[in-house]
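J.: First the structure, then my questions, so here it is.
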Amino acid sequence: MPARFARLRISGFKSFADPTTIDILPGLTGIIGPNGCGKSNVVDALRWAMGEASAKSLRGGEMEDVIFAGTMARAARNLAEVSITLTDTGGLAPVPFQNEPELQVSRKIERGSGSSYRVNGREVRARDVATLFADLASGARNSAMISQGRVSALVNARPDERRALLEEAAGITGLHARRHEAELKLRAAEQNLLRADDLRAQQESRLAELRKQARQANRYRNISGLIRDAEAEYLAIERELAERRRHAARAHFAEADAAVGRAERIRDEVLSRETSQNDALPSLRAREAETRTRLERARILAEQIDAEIARLEAARQEAEARVATLRKDHAGAERIAHDAEAAAIRLEAERSQLAADHELAPARLDQARREAEAASAALARCDAATQQATEAAARAQAERQALETRLTQARNTASQADRRAREAEAAHASALAALVSPERLAAAEAAREAAELAVTTAEAAYAEAQNRVQEAETRRTETHAAAIRARSAATEADGAATRLKAETDALKALLAQKFGRDPDPVLDRIKVPAGLETALGAALGAELSAGEQASAARHWRPLPAITSEASLPRIGETITAPEALRRALDHILLLPAGEDGDALQATLRPGHILVSIEGGVWRWDGFVVRPGAPTEAAVRLAQRNRLDQLDIEFARARESAEAARAALQDAETAERDARRTEEEARTSRRSAESAIDRTRKDLRTATETASRLAAEAERLATRETAAAETRARFEAEAQDARAALGSIESEFTTLDDARTLRDALEQARAALAESRRRDSEATQALQRLQAETETRGRRLDTIVREQADWVERARDANDRRTDLAARLREAEASLDSLGADGGSQERRAEAGTELAGAESDHEAAARDLAGAEDAARRNSTAARAAEQDLARAREARIGAESAVREADHAWGTVAERMLERLGVDPTLPAVADPSPDAADKARKRFERLTRERDEMGPVNLRADIEVGEIETRLAAIERDREEITSAIAKLRGSIGHLNREGRERLSAVFTEIDRHFQALFTRMFGGGRAHLALTGSDDPLEAGLEIFAEPPGKKLATLSLLSGGEQALTALSLIFAVFRCNPAPLSVLDEVDAPLDDANVERFCRLLEDISQDTGTRFIVVTHHHHTMARMDRLYGVTMQERGISRVLSVDLGTAAAMVEPAGAMAAE
């Protein structure tokens, strides 16, 4: 373990506001101080610098809480920094620090900016720092960082939670992380495979549906063609039929019009006959009314007489019914009186019998009660005898069972002692046979040295690959920046060319517009230097819109030049223009800059015009135009000049853009080459990293193998000695157990016979059962007699009440019988009074004679009236028939007229539909059978095809195109699925390999930890024994770690059954056993001695000293115990002289002791 922790520097971390340095020297370093002064902050700083990422484990709410927060006298700090100095790190640090003899690892945090890590001033990742300390068997959460809470957690942990100690000692924590990462990737890949399968299924389902839709679309197109043909055929037949219906409707209308004329003549004749017959009806109707009145009076009188006779008959029938009812009620009353007499006789006989039985009941009850009491007494005697027999049998059985239990335990103890003796003998023989040979140890050491050489070679290759990656990154960054610049330049050049092209197109569009009314103005053939456009436009203005054609109303005509002197420059000297403008241009003078036009106007000769560049005009005749907005002609001239300039600029911009694009292509090519080179370098680096990991794994395996073989040799030697001692002890225990067994067997033979006691108990139980039966029968007989006596008494009371009720009923029946007899006599008398007639029949005969005469007279008058009315009705019927015939004729004519219109409309509808559906001048099929049946058949065919097409529902006419797209997508999905399947297979292989490696390493380290734990436990307790066991599963990766301990003077038990101090010592023994398997360069113990007494603290401190000497581990011990302080090599006192500010004072106890000894000697002299 060559790497060493040299010093810890803290600045601005928690209560350490000022920079503080703590040297981590060999041996034991103690940190002491009052509670709350900041001792634990030193430990937190160390863990934080090693990469602790949880603010909660650092006793904070968030990570910025570790920065010094200030006090009443000190301002808060904005950053905190902790650095750890490591020495002798050559060959242990990762690339690129593998050759550095000393490393300074620092972590800095700034408010609002987060943490940063540096190694020797070079910024690195948090993962790199965690890996560095993990390779040194250290870290923020390493088992070497031991606190009192960690000891308590180990005591209270479940066996599966304690397995983490084994995993850390075996160095497979990283394997777990890699396996977890591989499992996450595997699950993600499996999810991707499921999604790919789902997507493929969806796409295949969609493809099948689209293929069906494609077939449906083809069918849709075919049916649409058939529908067009069927519709054309149907419309052709319909047009022919409509034409025929129109001719038939017109012929039918002519016939209906003639029928209306005939019906009007017949109606006039019938109306004339009806008028003459209606005049004779009034007299006949008066005579008939008179006879009908007489008949009604006679009928009413007869009905009154009949009603009186019916009333008398109804009264007589009612009286007869009342008499019958009273006779029935009288018979019922007599029957009730007879029943009352019979009931009285029956109840008296029953009462007499019950009274006789009731007198004998007391004697029977006394006899039954005496028998029940005798049975109860016999039952009590049998019960007591049974209880005594049961107790005697139970005592004998308990004594026998106790002795049998002791006998069984003695036999088991003897058997176990014999078995342990045999096992101890076999273990001793196995230990002798399993000793490790020196040849195996030498081979393991040679394999370790070869693995170290391979690691050195792989690290050198990695350093070279890292340099190539850095060079490639630099080259890629440079080419990327060059590409960005080239792209920006190309974009700017393209933008400039685009702007110039847009301006050129806009000017060309403006200049393409007509200037003035002349189709060919002279303005378009003038070349004006830049700057003179406004001057020329102001001088000539709208005249420039005229052309040179002599036939035009306005035009320029060429004239010979006029020579005239001028002291100012002529504008025509610099302008290229048609010859027709030569005379005009020669008379236009340009005002020099700085001259006054008003002053020079008076010197102008006739015809001269003075203009300025700004557009001012001074004409020879006194006309003046002040400089202002340019004229339309000036603007057009400026636009033409700008267009010429733009053509030149656009050509240059296009050349620049092409050059920029070429440069961009070169830069992009260079960037792609650089990226490819960088990727190749990164691939090489990854290969080198893999080689380093592989060789380091081989080195760890070889080192572990060598250590394991050495430990195995030592363990086997110890095991052989322990097996011999165990064999002797177990043989002595077996002899003692056999002697105890013989003593118990002799005692067992002296026990009383249990069979006699059981027979007596059975006889007592049988007698008890018979007594209980007799007691039950006597009790039931007594209860039955008591119930019968009570029932007889209740029945006698009931009979007395029933006799009184029947006497009352007989009295009521006699009274009702007397009353009904009187009422019956009155009803019979009333019936006799209704038997006489009273003259009703004579009056009924007279009314009948009168009624017969009135009926005869009325029948004669009615016959005459009926004959006349019948004739009138016939004439009226004939008139109505004539009217109806006329109306029908008119309706037929209207219908025929409507049919003509409908036929015309139908023909027009067919024509419109043909125009709408088939277009103008359609080609119709020939009509072979223009009949309604043929039309109906064609229509049904058209409707059937249309319905068939409509029943298809929505049709995707793009289905063929989508089928191709889906097939392409399916092919891509299948390729992705194959890649995912291959990745899953690789991941499963990797997980299996990691599991096998983890099991091998965990099984190997368990044996070594168990050996160290047994030795440390015996040392910490001054005796006793303990061991570890894997429980819960046969798979070491899933099994739990259970601790079995047997302190001196106690039995073997699990950790949870020990006392508090024993639990702490046992947990510390396990922690240091793990530590001995994989020693760390630094171990921090934070108040772990708090639950220990003075004697155990002494053993604990001696153990720390031995471990420090054996492994070279440097211990930092935070403590309050004075014994622990006394055993430290040096002490750091953490004080808080200023409130809220921690300071550190140090004392080297070894140096102090060396100084005190000479002083004591001098004092003695």
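FYI, it's all coordinate maths here, none of it is from the lab. From a predicted model like this one, the values you see are computed outputs, not experimental measurements. Note that each Cβ is placed from the backbone with ideal geometry, even for glycine, and that neighbours are counted across all protein chains shown.
J.: Arranged by the count of other C-beta atoms within 10 angstrom, fewest first, what order do THR1135, THR576 take?
T.: On the way: THR1135 15, THR576 10.
Ranking THR1135, THR576 by Cβ neighbours within 10 Å, fewest first, gives THR576, THR1135.
J.: Continuing with this model, one more query. Quick one: Cα centre-to-centre distance for the range 930-982 and the range 27-64, in angstrom?
T.: Each part's Cα centre sits 75 Å from the other's.
J.: Turning to a different aspect of this structure: Per DSSP helix of 4 or more residues, -39500 (n - 2.57); summed, then divided by the residues of the chain. What does that give at 222 nm, rounded to the nearest 500? Don't jump to the answer; show the numbers that get you there.
T.: Numbers: 19 runs with 810 residues, N = 1165.
-26000 deg cm²/dmol, from helical runs alone.
J.: What does the charge count around PHE97 come to, taking other residues whose C-beta lies under 11 Å from its C-beta (Lys +1, Arg +1, Asp -1, Glu -1)?
T.: Values: positive: ARG122; negative: GLU100, GLU102, ASP128, GLU459.
Taking every Cβ under 11 Å from that of PHE97, the sum is -3.
J.: All other residues with a Cβ under 12 Å from the Cβ of VAL82 taken together, and with Lys, Arg as +1 and Asp, Glu as -1, what is their net charge?
T.: Around VAL82, the charge tally is +4.
J.: Further question: Amide H of ALA93 versus every other amide H placed in the peptide plane: which residues, excluding those fewer than 5 positions away on the same chain, fall under 5 Å?
T.: Answer set, sorted by chain and number: none.
J.: Further, regarding this structure: Could you please report the charge total around GLU671, scoring K, R as +1 and D, E as -1 over all other residues with beta-carbon less than 13 angstrom from its beta-carbon? Please list the in-between numbers first.
T.: Details: positive: ARG475, ARG476, ARG485, ARG487, ARG672, ARG675, ARG676; negative: GLU473, GLU478, ASP666, GLU668, ASP673, GLU678, GLU679.
For residues surrounding GLU671, the net value is 0.
J.: Can you list residues from other chains, or at least 5 along the same chain, whose modelled amide H is less than 5 Å from the amide H of ALA1029?
T.: Residues meeting the amide H criterion: GLU1042, PHE1044.
J.: Antiparallel as a % of all DSSP beta bridges within the range 499-651, to the nearest 5?
T.: Once the DSSP bridges in the range 499-651 are tallied, antiparallel ones form about 65 percent.
J.: Follow-up question, since we're still on this one. Distance between Cα centroids, the range 311-379 to the range 605-684: provide it in whole Å.
T.: Using only Cα atoms to place each centre, the spacing works out to 142 Å.
J.: If you don't mind, another one. Restricting to the chain, compute how many DSSP beta bridges are antiparallel as a %, nearest 5.
T.: Working: 54 of 74 bridges.
Rounded to the nearest five, the antiparallel share is 75 percent.
J.: Just in the range 1088-1138: which trypsin sites (Lys or Arg not before Pro) are loop by DSSP and have at most 10 other Cβ atoms within 10 Å?
T.: Values: sites: ARG1099, ARG1102, ARG1114, ARG1127, ARG1130; in loops: ARG1127.
Within the range 1088-1138, no trypsin sites (Lys or Arg not before Pro) qualify (loop, at most 10 other Cβ atoms within 10 Å).
J.: Using Cβ counts within 10 Å as a stand-in for footprinting exposure, how do ARG1001, ARG246, ARG765, ARG784 rank, fewest first? Before the final figure, lay out the partial values.
T.: Numbers: ARG1001 22, ARG246 18, ARG765 14, ARG784 11.
The fewest-first ordering by Cβ neighbours comes to ARG784, ARG765, ARG246, ARG1001.
J.: Karplus couplings for the range 851-859 from phi (6.51 cos²θ - 1.76 cosθ + 1.60, θ = phi - 60°), rounded to Hz, Gly and Pro as x?
T.: Karplus-based 3J(HN,Hα) across the range 851-859 equals 5, 5, x, 5, 5, 5, 5, 5, 5 Hz.
J.: Shifting gears a bit: Take the alpha carbon atoms of the range 499-651, find their radius of gyration, then divide it by 2.2 N^0.38 Å using N residues; give the quotient.
T.: 1.08
J.: For a quick check: with amide H placed at 1.01 Å from N, whose amide H comes under 5 Å from ARG1114's, ignoring anything fewer than 5 positions away on the same chain?
T.: It is LEU1082, SER1083, by chain and number.
J.: Using the structure shown, select from LYS212/LYS937; LYS14/LYS56; LYS185/LYS986; LYS14/LYS108 the pairs with a Cα to Cα distance greater than 21 angstrom. Don't skip to the end; give the middle numbers.
T.: Values: LYS212/LYS937 31 Å; LYS14/LYS56 14 Å; LYS185/LYS986 11 Å; LYS14/LYS108 13 Å.
Too far apart for the 21 Å limit: LYS212/LYS937.
J.: How many percent of all Cα-Cα pairs in the chain sit more than 58 Å apart? Could the numbers behind the result be given before it?
T.: Numbers: 469609 of 678030 pairs.
Looking at the chain, the distances longer than 58 Å represent 69 percent of pairs.
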